[in-house]
Amino acid sequence: MIQNAIAHPNIVGRDEWLTARKTLLEHEKELTKHRDRINAERRRLPMVKLEKEYTFEGSNGSAKLIDLFEGRTQLIIYHFMFAPEWEKGCMGCTGYVNALGDLSRLNERDTTFALVSRAPFSKLEAYKNLKGWTLPWYSSFGSDFNYDFHVTLDENITPIEYNYRDKAELEKRYGPNVVQGESHGLSVFFRLGDDVFHTYSTYARGVESLTDNYSLLDMTPYGRQEDFEDSPLGYPQKPTYG
């Protein structure tokens, strides 16, 4: 008899457990196949050319959005919540960056990853050093970037929108006075020569599991660039796991 039992899964014999596990495995495979279909759909999203020029400040001084690509074709930006008046970054965003694995494969697949926040660069650099991070981090202070990509909500500057819901939808869902200030998200950009295009953005819980090479590449037009993927003709592909 189990003494002082806490809440726990049902206790069964090995055969019953194996039957339940095989049933769950089928459901897991269904989820994997469904995820593959969604990723294939994402790779076929159209993209929008950015006509506005944004200015950032990074470790090498002033930079344009195209500079953040570092010469590569794809750019993933994590919108890190750090308002200009704050002394520290958001704890949730800090946890996200701490959870990031080795992202070197992104560079191998022609993709750059960077953080962007509204706080002045001096604050970002100090916080980055405190945490021991090495990722490129840029300040968008003074530009419209955060507002245009709906991660700083201020209706005096741009109409409120977050996670593709307008102010009325957000207030109906969450109540009044919650749709303002800093929010987090992740956006993807694609470069054709000197032209930059916005391909994808996700927010809220859509970001929480995007902490490794494969999940981040799945958000991009080119995907993982492996030959098991259903991608448009001409997209770069390598042997799977090759």
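Values in this text are rule-based calculations from the coordinates and carry no lab data. Worth saying up front: this structure is predicted, and the values here are computed from it rather than measured. Neighbour counts are summed over all protein chains in view; Cβ atoms, including those assigned to glycine, are modelled from backbone coordinates with ideal geometry.
Evaluated over the Cα positions of segment 125-242, the convex hull gives a direction-averaged projected area, one quarter of its surface, of 10.8 nm².
Would you work out the charge dipole size for the chain about its Cα centre, treating the Cβ of every Lys and Arg as +1 and the Cβ of every Asp and Glu as -1, and quote it to the nearest 20 debye? Please list the in-between numbers first.
Numbers: 29 positive and 36 negative charges, 102 e Å.
Charge dipole, the chain, about its Cα centre: 500 debye, nearest 20.
Overall shape of segment 46-89 was characterised from the C-alpha gyration tensor. The equivalent ellipsoid obtained from it has semi-axes of 23, 14, 11 Å, in decreasing order.
Just tell me the longest site-free run in the chain, where the sites are chymotrypsin sites (Phe, Trp or Tyr not before Pro) in a DSSP loop having at most 14 other beta-carbon atoms within 10 Å.
In short, 1-163.
When the alpha carbon gyration tensor of segment 1-107 is reduced to an equivalent ellipsoid, the three semi-axes, largest first, read 45, 24, 12 Å. Calculated mean residue ellipticity, 222 nm, the chain: -8500 deg cm²/dmol, from DSSP H runs (n ≥ 4) at -39500 (n - 2.57) each, averaged per residue and rounded to 500. Divided by 2.2 N^0.38 Å, where N counts the residues, the Cα radius of gyration of the chain comes to 1.18. Taking every DSSP bridge with both residues inside the chain, close to 70 percent are antiparallel. The residue among ALA63, TYR96, PHE80 whose Cα reaches farthest toward the positive pole of the charge dipole of segment 18-120, with charges on the beta-carbon of Lys, Arg, Asp and Glu, is TYR96. Straight Cα distances below 24 angstrom link LYS88 to the lysines LYS123, LYS128, LYS131, with same-chain residues fewer than 8 positions distant left out.
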